[in-house]
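Encoded as structure tokens, the structure appears first; notes follow it.
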Ligand SMILES: Nc1ncnc2c1ncn2[C@@H]1O[C@H](COP(=O)(O)OP(=O)(O)OP(=O)(O)O)[C@@H](O)[C@H]1O
Ligand SMILES: [Mg+2]
């Protein structure tokens, strides 16, 4: 029995879901056959809308239309302050987090909740298409996303009722989609320029193992910036536009016209733009566009060079470059990439779909149905702690293969001190204040003793999702030590739990409860099957010892089922499965022999 | 480096209590076993304790162990086994990272086989003579870079680094030959050990001069916004 794991690309502008069916990647379309779902959510008297219908209400004053929420994920209000003027919906600071006021319900909506609405829609789409409930998912994020942004994405998945098996980096997912696993060994670069983020990864592929050598990027660089460059150009040529573009609608309109012109220029040499209401009538040529975007193109090459240097890979050793993201359709980008690498460019898979397709492949691996491929990714940013004098001490350098861990010993420096605070940071800068604060951990309940006597070993573990977990052990007692987390950005674990409970995405469904219900159902099935088998089989097939072992495990499972911990029930079910496996195999062989009637098989 | 199983017998399977000795997978119940019970990064990857290593072999071991332990392949197991998978994969990654770079590997080897083995490594200080030498080199390179640009200074430095690396590799080969001849790693001549230590430390200084001299590819790192 294998489960179905879908792959989801939760994009800044568009999202989509894909799945492997019979070793084929299928992008799941909506009822109208469209693969993409605009990452747009609208709140109005009429309720919550998502996708094209939400996008259609962009100019409706009665509706709050939220787009590009990915830019706000896992950020503090201060982080995003500068971007807010670009958005046409209000964002307010609530406990230093950027939140969207829902005027109708007198509440605030967090960016992960917006993501959850989009994810829930894709989940529903997959369930209808596959005609089965879907829980397990792989969700992609830009490789350069930090811990908080990854956690926020995972939270969004959970709020949407998904069991997020893995957060995968978008560029690596793209490489998986190209099916390079089979035979095509070498070093490949992935250049991913989306709407709002730029990612670059270097990947070594060897016999099905995809090993990321280095990654780098810029979470504030993408096609949107090209549009802004065009708008600024118009404003400089037509100074009168400057005044009118103080207004939201005008700015929005200009931005849209700029994007249209940009896209047109990917296939034509010049494009005329007329907006009579603004008195704009201008012709944009590909040459002008190239000149306008050149500084941005050059900016993408900075992370590219840094990644090459970090990996210790000279540019000549790269065997090919995979292009991902809508903005790589720009001819100037292709040219710049070709000039730098002088190697084959891979752009045959639709850049809009390739990330979700790769996520579906990773989902297939995680479902246990595919063992030949393995992705070994890295952490994009160095992880450190603040030490004396506000200096960052690095524990895990960037581009370390994940999962990874670092251990550090902590002690007290005052007599009788019962608590030690640890400030965890992510980034490459010397001073703590210049890096991104991830969380403050407090080791609490330390037994009072003289200064320096306590020995608490703290393990910083970055899992395969690139998400940090901190554990502490008192070295003198071997007992685990209390750790209290104050996350700097994003929601606390309690917030997430509360939001899942009251979430409008699935109001009546509580994740833990559902996990428990599902686990109990499965446990019941396994128990019944086992019980029936034991009744039928005699000691010759099941020796008493083995029978006792199975009965004992059945008892443990039944006890677990009386409790409310769904995970425990699942674990005990797995164990029962395991203790009965030898028996199942023997029965299988037995019946095969019977079926063959002892005769030799013809060759 | 020991994983959660500190107070249980590491030669027995954590799950079925059968003998596993140093196997990655229990021969009777087929559960993966915590590699944290092993003594060092070499044994985690199943490699002999040597200074010189063939990169292809190391990569093969790394990939092989990853295929056994990586969490991707243990999604359906119970949470205890998932934790072992996670910790094992982290240790395998760490082992590969440490042994991949010949100079990191040499430093690790010295810590591991030294008389006062400490997992944190020993603090080495460059001898005053070498320290003086390296400081003078730094000054002259900076002067040169200031007058004629960094290119020439960098290539002069690169030659010095290459010389030092040859010296290091020669020492590593020499010590490996002794190991092949049956000498115990702990019994290697102390003057070889300290020569290697000094050379590694010297190279580290040279590399840090190189880092300071090199023009940066741009503002790396993650400015806050
Ligand atoms: N033909 C084209 N020429 C130039 N740019 C294009 C073209 N088609 C789409 N784009 C640009 O691609 C960008 C969107 O890319 P994409 O859909 O890959 O982003 P996303 O996945 O939503 O964002 P991200 O990956 O940053 O989260 C937009 O800026 C869009 O204007
Ligand atoms: Mg994208």
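Laboratory data are not the source of any read-out in this text; all were calculated from the coordinates shown. The structure displayed is predicted, hence computed values, not measured ones. Methodologically, a virtual Cβ is constructed for each residue, glycine included, from the backbone with ideal geometry; neighbour enumeration extends over all protein chains shown.
Test of understanding: ordering A:357, A:428 by Cβ neighbours within 10 Å, fewest first, what list do you get? Can you show the working numbers first?
Numbers: A:357 25, A:428 19.
By the 10 Å Cβ count, ascending, the order reads A:428, A:357.
Taking 0.36 nm per residue of separation and subtracting the current Cα-Cα distance, fully stretching the chain between residue A:32 and residue A:163 would add 44.4 nm.
Just the number: Rg to Rh for the protein assembly as shown, Cα atoms, Kirkwood Rh, two decimals. Radius of gyration over Kirkwood radius for the protein assembly as shown works out to 0.99.
Antiparallel versus total DSSP beta bridges in segment A:180-348: what percent is that, nearest 5? Antiparallel: roughly 75 percent of the beta bridges in segment A:180-348.
For the pair segment A:276-326 / segment A:402-446, the C-alpha centres are spaced 38 Å from each other. Peptide A:396-403 shows a mean partner chain C-beta count of 5 within 10 Å per residue C-beta.
Footprinting exposure proxy ranking of A:66, A:473, fewest other C-beta atoms within 10 angstrom first, gives A:473, A:66.
Between residue A:315 and residue B:183, the modelled labels are 4.6 nm apart [label points 7 Å from Cα along Cα→Cβ]. Here the label points at residue B:133 and residue B:9, each 7 Å from Cα along the C-beta direction, are separated by 5.4 nm in the simple model. Starting from a Cα-only point model with no solvent, please compute log10 I(q)/I(0) by Debye for chain B at q = 0.10, 0.13 1/Å. With one equal scatterer per Cα and no solvent, log10 I(q)/I(0) is -0.62, -0.91.
Once you sort the root eigenvalues of the Cα gyration tensor of segment A:1-79 as a ≥ b ≥ c, which label holds: rounded (a/c under 1.5), prolate (a/b larger than b/c) or oblate (the other case)? Don't skip to the answer; put the middle values down first.
Details: a/c = 2.80, a/b = 1.62, b/c = 1.73.
Since a/c reaches 1.5 but b/c is at least a/b, the shape of segment A:1-79 is classed as oblate.
Among B:49, B:92, B:20, the largest mean-square fluctuation in a Gaussian network model of chain B (Cα springs under 10 Å) belongs to B:20.
Can you give me the relative contact order of chain B as a percent, contacts being Cα pairs under 8 Å and 6 or more apart? All intermediate terms of the calculation are to be shown ahead of the outcome.
Details: 205 pairs, mean separation 37.6, N = 225.
With pairs under 8 Å counted, the relative contact order is 17 percent.
The share of Cα pairs per 5 Å bin across segment A:125-175, counted from zero up to the longest distance, runs 5, 21, 24, 22, 17, 9, 3, 0 percent.
Based on DSSP H runs of at least 4 residues, each adding -39500 (n - 2.57), what is the mean residue ellipticity at 222 nm of the protein assembly as shown after dividing by all its residues, to the nearest 500 deg cm²/dmol?
Working: 22 runs with 352 residues, N = 828.
Helix-only estimate at 222 nm: -14000 deg cm²/dmol.
The coefficient of translational diffusion for segment A:511-595, derived via Stokes-Einstein from the alpha carbon Kirkwood radius under 20 °C and 1.002 mPa s, stands at 158 µm²/s. The simple Förster model, with R0 at 56 Å and r as the Cβ-Cβ distance, assigns residue A:408 and residue A:62 a FRET efficiency of 0.55. Evaluated at q = 0.11, 0.15, 0.16, 0.22 Å⁻¹, a Debye calculation over the C-alpha positions of segment A:381-492 (equal weights, vacuum) places log10 I(q)/I(0) at -0.35, -0.65, -0.74, -1.27.
With a 10 Å cut-off around each Cβ of A:359-372, the average count of Cβ atoms from other chains is 2. For chain A, the longest principal axis of the alpha carbon atoms and the long axis of helix A:111-130 meet at an angle near 60°. Roughly what % antiparallel, to the nearest 5, for the DSSP beta bridges in the protein assembly as shown? Taking every DSSP beta bridge within the protein assembly as shown, about 80 percent pair in antiparallel fashion.
Between the helical axis of B:55-69 and the longest alpha-carbon principal axis of chain B there is an angle of about 40 degrees. Relative to the longest principal axis of the Cα atoms of chain A, helix A:248-264 runs at roughly 80 degrees. Taking label points 7 Å from Cα along the Cα-to-Cβ direction, residue A:538 and residue B:158 give a separation of 8.2 nm.
Relative contact order of segment A:180-348, taken over Cα pairs closer than 8 Å and 6 or more residues apart, is 27 percent.
R0 = 51 Å: FRET efficiency of residue A:586 with residue B:59, Cβ-based, nearest 0.05?
Values: r = 40 Å, r/R0 = 0.78.
Efficiency for this residue pair is about 0.80.
Using r as the Cβ-Cβ distance of residue A:242 and residue B:212, and R0 as 60 Å, what FRET efficiency do you calculate, to the nearest 0.05? Before the final figure, lay out each step's value.
Working: r = 45 Å, r/R0 = 0.75.
Step by step, r from the Cβ atoms, then E = 0.85.
Of A:447, A:121, B:144, B:165, the sequence from fewest to most neighbouring Cβ atoms within 10 angstrom is A:447, B:165, B:144, A:121.
Given contacts defined as C-alpha pairs under 8 Å and at least six residues apart, what's the relative contact order of segment A:81-171, whole-number percent?
Values: 102 pairs, mean separation 22.8, N = 91.
With pairs under 8 Å counted, the relative contact order is 25 percent.
Inter-chain Cβ neighbour count for A:415-422, averaged per residue, equals 0 (cutoff 10 Å, partner chain atoms only).
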